[in-house]
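Only one structure is covered here, and it is reproduced in the block below.
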Amino acid sequence: MSTPEADLSESGEVRSGLVDLPLLRRFPRAVSRVLLLLLLVPSGCAPVSSRGPAPEAVGASGPLFAPVEVIPGHEVHSRPSSVCADCHSNTDESSGMRTPGGEPAAPYDLWRGTMMANSARDPLWRAMVSAEVARRPAARAEIEASCMTCHAPAATADRRQHGGELSLADLESERLGEVARDGVTCTVCHGISARKLGTPESFTGGWEIDHSQRAFGPHDVPFPLPMRPFTGWTPTQSSHILESSLCGSCHTLYTETLDPTGHPTGTVFLEQSPYLEWRHSLFSTEREGSPGVSCQGCHLPTRDESGQEMLTRIARTPMGSDFSRLAPRSPYGRHILVGGNTLIPELLAEHGEEFGVEAPPAAFLEVARRARAQLSERTAALSMGLLSREEGTLQLGLEIASFAGHKIPTGHPTRRMWVGVRVLDGEGRVLHESGAFDRMGRILGPGGAPLPSESAGGPVVPWSPVIRSEADAPIFEMVMADEDGSPTWSLLSAAAMAKDTRILPPGWDVKGARRAGLHPVGVSVDEAFEGGRVLLSTQIPLGSAARAELRVEATLHYQTLGARFQAELARVSTPEMDRFQELLAQRGNPPEIVDRVELLLPPIGGD
């Protein structure tokens, strides 16, 4: 068989020496598979280089091939992920889409247990949407359509093609339900046009699907068979698939502040800003002189877990075997797409049938494992050193160094981190413990009771870098404020930041970040709180143990859903919220460990 370039007729349609591909569309899918494989498999696919000119330049007018006929009411771009799985999932018969060590690494298999794949099934998200609607029932349609833009984007694009908006009820509909439940599916990220990306117009779900049915990837000379006849998509090389601005279209979220009746107040609040934070960090590829690592560089890594560069075939035949002469390619991004969220993947692993998931429990548990690895290996490091033990007070210096290209924790304001410190004497007696927690992840104070700040309606803990008592636990979090300046846990009531003490990324551009509205709130950017690190200290009274042997433990904790945020959510009763709170009560909500360090101090002066 000739190379893809030689298969073009004068009319621009793909032709081979044996079969005119548009003819295949007249056959049922199963029959067309057999016909195509009779063409491809015996002679093998022509070698395809990952270098050289692409068959179609991005930005050219119109697709290279004639578009597949659009079925009324179901656009080509809203194909479910199961269509892509035909060639982009692992089988025992195929050696492609594997790590250098032979481990399965197919895009579909890695993606299906992630929060991207389950963004529309996420029980926390559904509960929070239901709570916002319950607070402002008159704005139901607007609230649901806004949230579905990034949580069910393929179905949203389909519905908007017909002049309408998506609702939560569409998740269960016959026509669009499968695509809507697919969340951030293959045809979204690989179908978004480069137009507008990185501009304010693209933020808050302002992405645009390329309606010429091009599936964008990083490789030159994409192999068009059998993707085109089976899916209606034409594989097309474009560098924008590797750029952070693609992710920034949903991971930069401005929300309109609504009054109690559901009407906009005129205020716009920056609820989530990972992409903008990245822009003002050392990681930005958009800043001159920065070494640069894109979002994809961390969340779709091109190396396996041992650090070896991925080089593999990127697809298999629909029947399960290799395209024998399809060359291995690099870069190959592992679609692990994890942050620090272990809570929801584990809930979906246990209650998947209830929430209509497609992935098996093992896929969700693997995502949770990778999220823990992301937290413990690639998020931040904690270090500790003795400053002084004079006058019966233990003075320690603690430093948290960030490895992330954005604030941590970042994204959704439910998340938080905090530092716990424990001091024991040589016989194991606890002399001090701050930042301890119960099974629901509530931070405990003196006597082992939850701090007042952990309860709905309680005070907001102000920032302090000094730990003096068991009530002191430095918390890295964002707390929203309403139009009156009071703390709020309703996303659509938020008008400003009451507090933002999240850890800044390395290379933080202070002036630029302030202009973008990204500056910390409630803390100054000084020696104690600067780009890439936070400095803390202790002033812990030791009493009679002032000269004793001591063991000091410090732990940096991460929580997907802060206990205070959970308590505030529980104030709103909806079926979705009540069920989520029930599941959480059964499971518990303990934090994950980002890092833990220990310091041994010998007795002073001996006995």
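Laboratory data are not the source of any read-out in this text; all were calculated from the coordinates shown. Please read these numbers as outputs of a predicted model, since none were measured by experiment. Using ideal geometry, Cβ is built from the backbone for each residue, glycine included, and neighbour counts are taken over all protein chains shown.
Here the spin labels are modelled as points 7 Å beyond Cα on the Cα-Cβ line, and at residue 309 and residue 381 they lie 2.6 nm apart. Projected onto its three principal axes, the C-alpha set of segment 338-378 covers 33, 14, 12 Å, listed from the longest axis down. What FRET efficiency would be calculated for the residue pair residue 537, residue 169, taking the C-beta separation as r and a Förster radius of 56 Å, to the nearest 0.05? So, using R0 = 56 Å, E works out to roughly 0.55. So what's the back-of-envelope 222 nm ellipticity for the chain, counting only DSSP H runs of four-plus at -39500 (n - 2.57) apiece and dividing by all residues, rounded to 500? It comes out at -7000 deg cm²/dmol, rounded to the nearest 500. Could you give the nm distance between label points at residue 484 and residue 455, where each point is 7 Å from its Cα heading toward the beta carbon? Going by the 7 Å Cα→Cβ label model, 2.1 nm.
Give a quick list of GluC sites (Glu not before Pro) in segment 115-172 that DSSP marks as loop, anything other than H, G, I, E or B, with at most 11 other Cβ atoms within 10 Å. Write down the numbers at each step before the final one.
Details: sites: 132, 142, 144, 165, 172; in loops: 165.
For GluC sites (Glu not before Pro) across segment 115-172 that sit outside H, G, I, E and B with at most 11 neighbouring Cβ atoms in 10 Å, the list is empty.
Can you spot the lysines whose alpha carbon is less than 22 Å from residue 407's alpha carbon? Ignore those fewer than 8 places along the same chain. Correct list for residue 407: 499, 511.
Computed about the Cα centre, the dipole magnitude for the chain is approximately 760 debye when only Lys and Arg (+1) and Asp and Glu (-1) carry charge, each at its Cβ.
Note on residue 403 and residue 544: the model spin-label points, each 7 Å out from Cα along the C-beta direction, lie 4.4 nm apart. For residue 215, the residues 5 or more places off, or on other chains, whose built amide H falls under 5 Å of its own are 234, 236.
Expressed as a whole number of Å, what is the distance separating the alpha-carbon centroids of segment 152-200 and segment 218-287? After rounding, the separation between the Cα centres reads 13 Å. A cut-off of 5 Å between modelled amide H atoms, ignoring neighbours fewer than 5 places along the same chain, links residue 259 with 265.
Need the full-extension length gain, residue 466 to residue 288, defined as separation in residues times 0.36 nm minus the C-alpha distance. One decimal, nm. Spell out each step's value before the answer.
Numbers: separation 178, 0.36 × 178 = 64.08 nm, distance 3.68 nm.
Between residue 466 and residue 288, full extension yields 60.4 nm more.
The residue 196 and residue 82 beta-carbon pair, evaluated with R₀ = 30 Å, returns a calculated FRET efficiency of approximately 0.50.
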